Amino acid sequence: MKNDHSEINYQAHWDAAYTRTPNEKLGWYEEDLSPTFQLLDKCHALPQSKMLIAGAGSTTLVDELLNKGFSNLIATDISQVSLTYLIDRVGSNKIETIVDDLSQPEKLTEIESVDIWIDRAVLHFLMDKNDQDIYFELLKSKLKSGGFALFAEFTAGGATKCCGLPIQQYENHQFSEKLGNDFQMVDTFEHTYYNPNGDPRKYIYSLFKRS
Ligand SMILES: C[S@@+](CC[C@H](N)C(=O)[O-])C[C@H]1O[C@@H](n2cnc3c(N)ncnc32)[C@H](O)[C@@H]1O
């Protein structure tokens, strides 16, 4: 998967990141998933609610969702390596995985609609406006009416790079502009995440509901 707007092979970039670094040492590894659950709790999800974890990598959010009884999960990522680690950990029969590029989706266009779309630290890597538009078109084409979109992205005053790549900082008006009028904000807060090196990273967490 090669992004047309860049010479970088993003799949190889992310596969290399996951290959050279153990999960708990990754610059985005989080032990404390409570900010995400603070928002997920507001979705009143049922055990069978379908959740798409965009750019899941090898996140332990999947383990935690499975522990809580959610069984209808799709983890998607550009990195095959990360999803292989995830499957090795949780079991291939526990979760559906899809290797795809959110800015050039192929397989993701084929999935059934989902109740909840979760993105932590993925959208902010899409620097190109066209890539962002494709991402949001996919989200809107796959999120059910009454469904929820949960974002956790770097925000103003925080880091400008991650994993050697530039990132776009987000504020709520940017989510709202991209989502359009049939999405209403349910909750939002800022959260400072400390990465495994102890460095602070300022995030914005926001939950939107589709009418
Ligand atoms: C900073 S990590 C966050 C991983 C996970 N969401 C978490 O919170 O632990 C960013 C993830 O986005 C994935 N990613 C980056 N660009 C992507 C793209 N265009 N399409 C799909 N996944 C992408 C990377 O492979 C990586 O797993």
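Could you tell me whether the range 155-163 includes any residue that is assigned to a strand (DSSP E or B) and free of Cβ contacts under 8 Å to residues at least 24 places away in the same chain?
Yes, because at least one residue in the range 155-163 is assigned to a strand (DSSP E or B) and free of Cβ contacts under 8 Å to residues at least 24 places away in the same chain.
Looking only at the range 109-129, count every residue that is aliphatic (A, V, I, L, M), more than 8 Å from the ligand (Cβ to nearest atom), crowded, with 20+ Cβ neighbours inside 10 Å and not in a strand (DSSP E or B) and tell me the total.
The number of residues fulfilling the criteria is 1.
Would you please list the contacts, defined by Cβ atoms under 7 Å and residues six or more apart or on different chains, that run from a residue in the range 1-28 that is within 14 Å of Leu83 (Cα to Cα) and of a type in the set (Phe, Trp, Tyr) to a residue that is assigned to a loop (DSSP other than H, G, I, E, B) and modelled with pLDDT under 95?
Within 7 Å, no pair qualifies.
Scan the range 130-159 residue by residue and report those that are within 12 Å of the ligand (Cβ to nearest atom) and under 18 Å from Gln184 (Cβ atoms).
Passing the criteria: Leu150, Phe151.
Being within 11 Å of the ligand (Cβ to nearest atom), over 13 Å from the mean Cα position of the chain (by Cα) and either within 16 Å of Gly147 (Cα to Cα) or surrounded by fewer than 16 Cβ atoms within 10 Å (Cβ to Cβ) (or both), is that true of even one residue in the range 78-88?
Yes; the residues of the range 78-88 include at least one that is within 11 Å of the ligand (Cβ to nearest atom), over 13 Å from the mean Cα position of the chain (by Cα) and either within 16 Å of Gly147 (Cα to Cα) or surrounded by fewer than 16 Cβ atoms within 10 Å (Cβ to Cβ) (or both).
Quick test of your reading of the structure: Lys140 fulfils all but one of (1) outside any strand (DSSP E or B); (2) over 16 Å from the mean Cα position of the chain (by Cα); (3) basic (Lys, Arg). Name the failing condition by number.
Every listed condition holds for Lys140 apart from (2).
Please work out which one of (1) crowded, with 19+ Cβ neighbours inside 10 Å; (2) touching a helix residue (DSSP H, G or I) at 6+ places or on another chain (Cβ under 6 Å) is the condition Thr19 fails and give its number.
All conditions are met except number (1).
Quick check on the range 97-108: of everything there that is crowded, with 19+ Cβ neighbours inside 10 Å and among the polar types (S, T, N, Q), which residue is farthest from the ligand (Cβ to nearest atom)?
Thr97
Residues to consider are Leu61, Leu26, Leu52; find the one that is more than 28 Å from Glu110 (Cβ to Cβ), among the hydrophobic types (A, V, I, L, M, F, W, C) and either within 13 Å of the ligand (Cβ to nearest atom) or in contact with a helix residue (DSSP H, G or I) (Cβ under 7 Å, 6 or more places away or on another chain) (or both).
Leu26
The values are calculated or read from the model by the stated rules, or taken from the named source; none is laboratory data. Predicted model only: the values in this text are computed from it and were never measured. As a convention, Cβ positions derive from the backbone with ideal geometry for all residues, glycine included, and neighbour counts pool all protein chains shown.
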